[in-house]
Amino acid sequence: MSLSSVKEHFKKFNREQDILEYNQSSATVEQAANALNVIPAKIAKTLSFKDKEGNAFLVVTAGDAKIDNKKFKEEFGTKPKMLNAEEVVEQTGHVVGGVCPFGLANPLSIFLDVSMQRFQTVFPACGSVNSAIELTCAELLEYSGANAWVDVSKDWDATLQETVIKEDSHV
């Protein structure tokens, strides 16, 4: 059901046809990278947390990033406490392995981690354990309706970057 809610979400942007579906699982970063034939860092993984009051929110990071407890607490005023699998489905409408910031069951705050900004495009899931879409970081921000870019991760490889080759404008 959640893949259909994500497709419905992307209809607003005329992008539902860009959702990629696979015969193999893309539920983990490694599986998604294999299915998409990209490095794991380009997988945009969506993590589900709850704040002190128990309100759920999402943080999307690069596939090679880990949550930095100190940075997280400084940003959100609480230690990172992840939702359990049942809470994830209840709050997002998506199963673990397909969680994304699109087509959500409930309105949730969404934050995008700067670890993804090294790449021209990233690949978030699309509500199922075998789907994804390729988006620029600007598109991810727009389509997710994210609240803000944050810096709450660590251990990602800053040397992994895509370089933009500018065409020579001289004739």
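Bear in mind that the values in this text are calculations on the coordinates, not laboratory data. Note that the coordinates shown come from a computational prediction; the quantities given were computed from them, not determined experimentally. A quick note on method: Cβ atoms are made from the backbone with ideal geometry, for glycine too, and the neighbour counts reach across all protein chains shown.
Structure data summary
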| item | result |
| --- | --- |
| Sequence-distant residues sharing a close amide H with Val150 (under 5 Å, placed H) | Leu112, Asp113, Val114 |
| Electrostatic dipole magnitude of the chain [Cβ: Lys, Arg +1; Asp, Glu -1; Cα centre; debye, to 20] | 360 debye |
| Vicinal HN-Hα couplings computed from phi for segment 101-108 (Karplus, 6.51 cos²θ - 1.76 cosθ + 1.60; Hz; Gly/Pro x) | x, 10, x, 6, 5, 9, x, 10 |
| Kirkwood Rh, angstrom, segment 2-154 [1 / mean 1/r, Cα pairs] | 15.1 Å |
| Listed residue (Ala56, Leu140, Ala158) projecting farthest to the positive dipole end of the chain, Cβ model | Ala56 |
| Fewest-first sequence of Lys154, Lys11 by Cβ atoms within 10 Å of each Cβ | Lys11, Lys154 |
| Proxy reagent accessibility, fewest Cβ within 10 Å first, across Val60, Val122, Val96 | Val96, Val60, Val122 |
| Residue order, fewest to most surrounding Cβ atoms within 10 angstrom, among Trp156, Trp149 | Trp149, Trp156 |
